Amino acid sequence: MTNLVEISNLNFGYGSRLVLKGINLTVPKGSLVAIMGLSGCGKTTLLRLIGGQLQARDGSVTVAGHHLNDMNQDELYALRRRLGMLFQFGALFTDLSVYDNVAFQMREHTRLPESVIRDLTLMKLNAVGLRGVQSLMPSEMSGGMARRVALARATALDPELILYDEPFAGLDPISLGVIGQLIRRLNDALGATSVLVTHDVQESLKIVDYVYFVSEGVIVAQGTPDQIRASTLPFVHQFIWGEADGPMPFHYPSRTMSDDLGLKEV
Amino acid sequence: MALEATLRGIRLVGDKTLRIVERVGATAVFLGLTVMHSATSFRRFDLVIREIFYAGVQSLIIILVSGLFVGMVLGLQGHETLQNYGSEQSVGVLVALSLVRELGPVVAALLFASRAGSAITAEIGLMKATEQLSAMEMMAINPIARVVAPRFWGGVISMPLLAMLFSAMGIIGGYLVAVVLIGVDDGAFWSQMQAAVDFRHDIVNGIIKSLVFGIAVCAIATFEGFEAPPTAEGVSGATTRTVVSSSLAILALDLVLTAFMLKGWN
Ligand SMILES: Nc1ncnc2c1ncn2[C@@H]1O[C@H](COP(=O)(O)OP(=O)(O)O)[C@@H](O)[C@H]1O
Ligand SMILES: [Mg+2]
């Protein structure tokens with residue numbers, strides 16, 4: 001098995017509105033794949049489908065050889081133990097200290113003695129450079145630090161597959177680079193496979209192996225970072241160079257301005 | 001016209017009623033789920049003890065102070081009324097029976113709903129809004145078992161204890177007013193109370209009431225938090241609903257329980 005995640009002909013919608021349409025996507029073992037697109041294009045939804053928190057309407061999602069559609073809750077939970085996920089805003093447990101956050105899964109899922117858990121936790125915190133903040137509460141940290149702690153927590157049990165939801169959102173340029181490098185390094189050091197969902201093109205093109213572009217629920221482009229940079233597709237070009245108007249219009253579709261303002265044509 | 005208005009009125013009432021019934025049903029289903037997923041709470045009782053601290057110990061001040069005041073008022077009012085019949089020495093009986101049978105369980109539960117119930121809803125609601133519950137699910141840990149059940153049992157265990165403390169403080173308050181302040185005979189106050197209060201019919205029934213109220217408040221509080229829309233308004237609305245629904249539930253259940261207890265269960 002060379003692909004850890006395989007998605008084929010996936011359709012998904014909330015209510016009657018389709019959010020993802022005919023998605024085909026593969027994530028080879030050991031690689032770091034980015035899914036890019038504008039806010040609201042369905043990136044988080046796609047991650048939740050891979051994590052089994054949402055069910056595909058049509059098509060299939062396969063993770064580590066298991067069809068998620070056919071799994072019951074126990075099987076799904078067993079599979080999730082091999083997964084780590086970094087949520088958009090970290091989602092650290094606010095009632096637990098940094099140390100307890102990172103140790104959480106070890107305590108829940110293993111019978112390791114506290115001394116071993118302590119060593120592992122400190123190693124995980126050390127890997128993100130935050131061994132010194134173990135006794136702080138999540139509310140006492142900056143956004144960048146919280147994200148790094150969440151990263152340590154997501155990798156606590158050495159997952160085979162790590163899912164990142166907008167790891168760069170709301171970070172200053174320095175934290176951004178730090179997180180980017182960490183994601184790459186953790187992936188390679190753990191021998192893991194990673195899926196990175198983001199709208200930050202510049203940062204992610206530096207670290208990923210392959211990119212999928214999603215627009216309005218459809219994959220519109222894909223390729224290696226070099227291919228993407230060289231792409232002449234208008235959408236990709238607009239996205240990479242951050243142009244305000246292009247195929248993705250600045251204006252949300254609406255009635256004409258004169259209609260909205262009640263102006264009469266003369 | 002009038003017919004139409006009447007019909008609309010009936011429809012509105014029917015619609016509201018259905019929605020309330022639906023909500024009660026959903027809360028009951030959630031209560032069932034919580035009980036089903038309670039194994040973790042009893043295997044790792046330290047989780048529950050922590051919640052007993054937050055729900056129970058942190059409610060102590062308000063419960064004790066309120067109990068004292070309520071008892072003092074009962075002492076004053078009771079003495080005033082009983083005086084007319086020349087039986088002011090029975091004020092101890094009046095204070096104790098009112099507290100143990102009714103006011104202890106009911107007022108303590110109302111206070112508990114607004115102090116601890118609202119806090120439980122807000123906490124669970126915020127954990128949901130900040131994706132902490134989702135994060136837990138992705139770690140293959142059931143949030144109902146790990147977050148909801150310990151809070152539920154912590155509250156359920158705290159409630160009867162708080163109600164008993166409320167009653168005890170109330171009796172002290174009644175004593176202070178009737179005996180120390182007004183000068184009712186000390187011996188008569190206690191001995192009449194001792195003779196009139198029946199362990200099974202008054203004290204045990206009071207404890208049963210507060211246990212039922214505790215279950216109702218904690219089921220409502222955890223349900224509202226868990227189902228709260230993941231926004232600021234969603235959580236604040238859920239918190240309000242917890243207090244309102246719990247209060248109504250307490251008063252309605254009290255009527256039913258009292259009727260059964262006075263009439264016998266068969
Ligand atoms: N729970 C939900 N219920 C209904 N619609 C949703 C829900 N979650 C997301 N959506 C909608 O689905 C679309 C995709 O959302 P999302 O996957 O969060 O986008 P992204 O992560 O790319 O910003 C958005 O238009 C959003 O409004
Ligand atoms: Mg998103």
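Annotations for the structure displayed:
- Residue A:103 being closer than 26 Å to residue A:143 by Cα, within 16 Å of ligand 1 (Cβ to nearest atom), open to solvent by less than 40 Å² (accessible area, probe 1.4 Å) and of a type outside the set (S, T, N, Q): no
- Residues located in the range B:144-185, provided they are free of Cβ contacts under 8 Å to residues at least 40 places away in the same chain and within 14 Å of another protein chain (Cβ to nearest Cβ): B:147
- Taken together, the criteria place residue A:40 among residues that are open to solvent by 10 Å² or more (accessible area, probe 1.4 Å), without any contact (Cβ under 8 Å) to a residue 12 or more places away in the chain, under 28 Å from residue A:237 (Cα atoms) and within 16 Å of ligand 1 (Cβ to nearest atom).
- Residue that is nearest to ligand 2 (Cβ to nearest atom) [pool: residues in the range A:211-241 that are open to solvent by less than 70 Å² (accessible area, probe 1.4 Å) and under 18 Å from residue A:168 (Cβ atoms)]: A:214
- Checked against the criterion of being over 27 Å from residue A:199 (Cα atoms), aromatic (Phe, Trp, Tyr) and at the interface with another protein chain (Cβ under 9 Å from one of its Cβ atoms), the candidates A:77, A:99 yield just one match: A:77.
- Test: residue in the range A:124-136 that is at pLDDT 90 or above and not in a helix (DSSP H, G or I): yes
- Residues that are open to solvent by 40 Å² or more (accessible area, probe 1.4 Å) number at least 3 in the following helices (runs of 4 or more DSSP H) confined to the range B:69-168: B:118-129.
- Number of the condition not met by residue A:76 [criteria: (1) touching a strand residue (DSSP E or B) at 6+ places or on another chain (Cβ under 7 Å); (2) away from ligand 1 (no atom under 16 Å from the Cβ)]: (1)
- Residue A:180 being touching a helix residue (DSSP H, G or I) at 6+ places or on another chain (Cβ under 7 Å), within 16 Å of ligand 2 (Cβ to nearest atom) and of a type outside the set (Lys, Arg): no
The values are calculated or read from the model by the stated rules, or taken from the named source; none is laboratory data. Since the structure is predicted, the reported quantities are computational estimates derived from the model, not experimental observations. Glycine also receives a Cβ, built like all others from the backbone with ideal geometry; neighbour counts cover every protein chain displayed. Areas reflect the complete protein model, heavy atoms only, side chains present, ligands, DNA and RNA absent. Shrake-Rupley method; radii C 1.70, N 1.55, O 1.52, S 1.80 Å.
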